[in-house]
Each structure stands twice: as C-alpha cells, then as structure tokens.
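Peer 1: Got a structure for you, written out below as structure tokens; questions coming shortly.
What follows is calculated from the coordinates using simple rules that are stated; it is not laboratory data. Predicted, not measured: the structure shown is a model, and the values here were computed from it. Neighbour counts run over all protein chains shown; Cβ positions are idealised from the backbone, glycine included.
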Amino acid sequence: MHVRLQVKTAQTAMKAVVLLSGGLDSSTVLYRARADGWDCYTLAFDYHQRHRCELRAAAQIAEAAGVCEHRVVTFDLRSWGGSALTDDAIAVPEARSLDQMSASIPVTYVPARNTIFLSFALGYAEAVGAQCVFLGVNALDYSGYPDCRPDYINAMRAVYRLGTRQGREGEAIAIAAPLIDFKKTEIVRLGNELGVPWELTWSCYKGGDVACGVCDSCRLRLAAFAELGLRDPVLYATE
C-alpha cells in the first residue's frame, strides 16, 4: 500500500508514525514517507533482543532523515524466549540457501512481534494525531514470517479501525506497507533513489563490531546488492 500525500500546507501537515528498526527495509520506508511529504515520527523497540546494533542504527537513521521525533519503546521479551533473537540458547541459522530460507518459518521469528509493535504504534499515532503508520514488512523476503504477509496487514487495518476513537469516528489511522510486494533488489534500488545512507543501517541478526555476513538477513542483503552490481558499504566479517 502506498499512501501518498495529496495536499500539504502549514495548517494541514500530515503526520506519520514510522516503525524504524535501523535495517534496510524500514530505513527505505522512512525515506519514502519523508519524500512523499509526511512529517515523520519514528518508533524503535528495545525488547531485549540479541544485540543493540539495530537500536544505534535506528537512532542514526532518524537523525539523518531529520524526523520530528524519535522514540524507543522498552520492554522485555527475553524472559519467555521463543526466538533466536530473544534466546541465546537458540542458534541463529547460518549459510543457508534461499531455498532453505523459504522452506519454513525460521527460528528468528519472534512470536507476535509485529502485532506488539503495531499496537504501540497505534497508541502513539493516535496520541500525536498521526494519520498513518508506516512499516517495512516484505512478503517476498524468503523468511516467510506470518506477520509480514498481506492478509495479516489487512487484518491489522481492521483492528486500527475498530479499536480507536479515530476509527470509530470515521477517521481511521491507515497502515502503509509500501514494500510488501517488493523484491530485495527493488528495495535497494528505491533506497538508492531516495538517498538512504546504507552505511548507517544494520541488518545482521547477530551483534558485533561488524555484520556477520552469514545469517539469513545478511545473505539476503548481500545478494541484493550483488545482483545490482553494487557494493554494500556496511562492513562484514566475511570480507
């Protein structure tokens, strides 16, 4: 879904809440929303994930994009685990082929994560008077996460309409997922057009001084840059 601003004046500025993980997809969505004229308010989430790199990246991207406000919501999902991103006892998959990635929902899936994120975003959006929530989910990313698919996003749009005062009064907060049908190469190409500072982003599932280069997220990202004949400016341990 591409929510494009039609009219914007000083009196009718359009506000958008953008879920910003600091990765390739969410950073591209932020720059897309900004280019379309939205006043952007970004949300990042410290849910005690495996590393802090993405939180630092999100803050740097938000600053580079000149957002109106950047907030970090903190809560703890490590206590119940259930994912390689919240439980150190579960290994992050490495060196998998694209076919292996698409075979089943991987252990890097965090139970109900996007539902949790979108719930916070809804409350924040209604509080600041935003008309739209943007997020960078992608259904063609081989991971097959259940909360990155079109039917899920459509269901959450109904929640946004039914669960808020704005929605009940006929002014429901929209959910925009402009990259949901994009290939990773198309996202990189769009990000280049929009001037996304890739060197500030972080996609790796592991923490460290440099990205690992072998987890699913790194491999998908590196493959996209390589297919376009580009070099990813992020440093990788495999280089």
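Peer 1: Near GLU171, within a Cβ-to-Cβ distance under 15 Å, what is the net charge of the other residues, with Lys and Arg +1 and Asp and Glu -1?
Peer 2: +3
Peer 1: Another question, then. Given the DSSP H assignment, sum -39500 (n - 2.57) over each helix run of at least 4 residues in the chain and divide by its residue total; what's the result at 222 nm in deg cm²/dmol, nearest 500?
Peer 2: -11000 deg cm²/dmol
Peer 1: Amide H neighbours of GLU69 under 5 Å, counting only residues 5+ apart in sequence or on other chains, H built in-plane at 1.01 Å?
Peer 2: Excluding prolines and chain starts, which carry no amide H, the hits are THR42.
Peer 1: Given the Cα-Cα distance of GLU94 and ASN154 and 0.36 nm per residue of separation, how much length would full extension add, in nm?
Peer 2: 18.4 nm
Peer 1: Taking every DSSP beta bridge with both residues inside the chain, roughly what % is antiparallel (nearest 5)?
Peer 2: 5
Peer 1: Note the listed values (1) 24.9; (2) 18.2; (3) 19.3, then indicate which one is Kirkwood radius over Cα pairs in Å calculated from this particular structure.
Peer 2: Only one listed value fits the structure, namely (2).
Peer 1: Take every Cα pair under 8 Å in the chain that's 6+ residues apart, average their separations, divide by the length, and report that relative contact order as a whole percent.
Peer 2: Relative contact order here is 24 percent.
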